[in-house]
Amino acid sequence: MPHMVRIEEAGVSYACAPRESLLEGMHRLGLRGIPVGCRGGGCGVCKIEVLAGEFHTRAMSREHVSDDDVAHQRLLACRVYPSSDLSLKVIGKLQKKVCTPVSVR
Amino acid sequence: MAMTGVLRPGHAQVRVLDLEESVHFYRDVLGLVETGRDATGRVYFKCWDERDHSSYVIRQADSAGLDFFGWRVLDKATLDRLDADLQAYGIKTERIPAGEMLETGERVRFTLPSGHVMELYAEKTKVGNGIPLVNPAPWSKARDHGIAPIRLDHALLYGPNVAEVQKIFTEVLGFYLVERVLTPDGNGNAAIWLSCGQKVHDVAFAEYPEPGKLHHCSFLMESWDQVLRAGDIMSMNTVPVDIGPTRHGVTRGCTIYAWDPSGNRFETFFGGHLPYPDYETMTWTFDNFGQGLDYPQRKLHETFLTVVS
Ligand code: FES
Ligand SMILES: [Fe+2]
């Protein structure tokens with residue numbers, strides 16, 4: 001059963017299956033310019049902060065995710081999978097793209 | 001051409017986030033041959049047609065990226081001479097004892113101003129390619145397992161101080177500059193392609209603010225058909241593909257860029273022109289970098305400039 005993932009600042013939601021990474025689901029939204037990088041947790045371009053909801057993760061590069069990041073649920077979207085409905089905030093390189101209104105993208 | 005000095009790319013050691021997932025990928029999807037595991041947990045691979053024990057080594061770590069890139073030199077005397085030449089040039093070198101890597105002799109290690117760790121070595125056990133040296137068949141059935149490239153061909157590395165790196169490779173290590181892309185203002189090089197033989201490149205560097213970054217390790221395919229077959233296998237295994245199949249303007253090589261399960265980019269590469277050391281360098285202006293990267297599409301893909309490990 002897919003969960004609903006809400007991107008707070010952009011005010012959009014998308015369905016994301018538990019076996020699908022948050023980045024894959026976000027990519028399907030078709031917002032132009034989402035930086036889909038390596039999709040393996042290695043390059044660090046897809047950073048998000050999970051604000052609420054349950055999730056599970058796979059190994060991601062600690063070069064891009066500090067202990068403080070982990071404590072604040074600032075993680076790489078390509079390695080985070082939803083276990084419930086979620087809300088998130090995009091940060092880092094993602095933010096500029098996702099939060100720019102479609103009209104000026 | 002009489003080849004002396006540095007002969008070829010010898011080995012790359014790459015960090016992965018999940019060892020067994022990566023072993024499955026490199027062995028069964030990319031189709032490398034697993035040749036050993038050492039006491040520190042590193043897993044060693046070679047391409048099916050390579051004769052030396054290993055060319056690609058992976059290590060589990062909490063970040064992705066390149067530990068070091070090693071160069072096979074002609075012999076022990078060459079190793080000692082290049083070590084002395086590097087030191088005379090002002091580069092600190094370090095000796096790694098024989099056996100620290102499986103089936104590999106003593107290595108001379110140094111760090112480039114771009115932050116990349118390089119190694120030179122003269123000895124690695126020849127385990128062969130499974131084909132006899134007398135009346136050899138043109139291929140073995142290892143060629144059909146996975147993507148199955150024939151050798152580790154080159155790497156593209158991102159970091160600062162590319163002009164200084166170029167001097168070290170051309171003035172100390174005997175490489176020559178085959179192609180380059182100018183910076184937007186035309187006063188420097190944004191990227192350089194260097195050869196130590198008659199391959200179109202053995203290593204390339206691009207100017208980037210963060211040191212020591214891996215853009216890709218490249219694996220050589222035998223034909224354009226084999227590059228397309230590699231693309232089929234990537235899709236069958238849902239490997240994340242970055243660019244291609246297409247042809248680079250720079251080098252004229254045919255290519256697919258894709259990522260391993262830890263976000264280390266790799267390339268399946270075929271072709272390229274055959275330069276000689278006396279050829280003039282070919283130059284691309286920055287406004288034509290799109291053609292240089294992807295000749296038919298003329299597109300400077302954003303990921304090419306921003307996604308590294
Ligand atoms: S896309 Fe590279 S870390 Fe997520
Ligand atoms: Fe390449």
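Nothing in this text is a laboratory measurement; each read-out follows from the coordinates by a stated rule. All values derive from a computational prediction rather than experimental measurement. Cβ placement follows ideal geometry from the backbone for every residue including glycine, while neighbour counts extend to all protein chains displayed.
For the range B:6-144, the Cα-based Rg and Dmax, in that order, read 16.0, 48 Å. When Rg and the Kirkwood Rh are both derived from Cα coordinates, the Rg/Rh ratio for the range B:173-244 amounts to 1.05. The mean sequence distance of close C-alpha pairs (under 8 Å, at least 6 residues apart), as a share of the length of chain B, puts its relative contact order at 17 percent.
Take each residue of peptide B:235-245, count the partner chain Cβ atoms within 10 Å of its Cβ, and average: the result is 1. Mean partner shielding of peptide B:259-268, defined as the number of other chain Cβ atoms within 10 Å of each residue Cβ, is 5.
Annotation: amide H of A:Leu86 within the under-5 Å range of A:Met4, A:Val5, A:Arg6, sequence separation 5 or more or interchain, hydrogens built in the peptide plane. Computed from the C-alpha gyration tensor, the three semi-axes of the ellipsoid equivalent to the range B:112-252 are 31, 21, 14 Å, from longest to shortest. Rounded to two decimals, the Cα-based Rg/Rh of the range B:81-184, with Kirkwood Rh, is 1.06. Seen from all directions on average, chain B presents a Cα convex hull projection of 15.4 nm². Among B:Lys124, B:Lys141, sorting on how many other beta-carbon atoms sit within 10 Å of each Cβ, with the fewest leading, yields B:Lys141, B:Lys124. Working note: Cα atoms of the range A:6-87, range along each principal axis, descending, whole Å: 29, 25, 24. Scaling the Cα radius of gyration of the protein assembly as shown by the globular reference 2.2 N^0.38 Å produces a ratio of 1.01.
The mean number of Cβ atoms from other chains found within 10 Å of a Cβ in peptide A:59-65 is 6, as a whole number.
Distance between the modelled labels on B:Thr4 and B:Ala77, one decimal in nanometres: 0.9 nm (7 Å Cα→Cβ projection).
Can you show me the helix-derived [θ] at 222 nm for the protein assembly as shown, built from DSSP H runs with n ≥ 4 at -39,500 (n - 2.57) apiece and divided by the number of residues, rounded to the nearest 500. After summing the helix terms and dividing by residue count, I get -4000 deg cm²/dmol. In summary, the range B:136-203 shows an alpha-carbon radius of gyration equal to 1.51 times the 2.2 N^0.38 Å reference for compact globular proteins.
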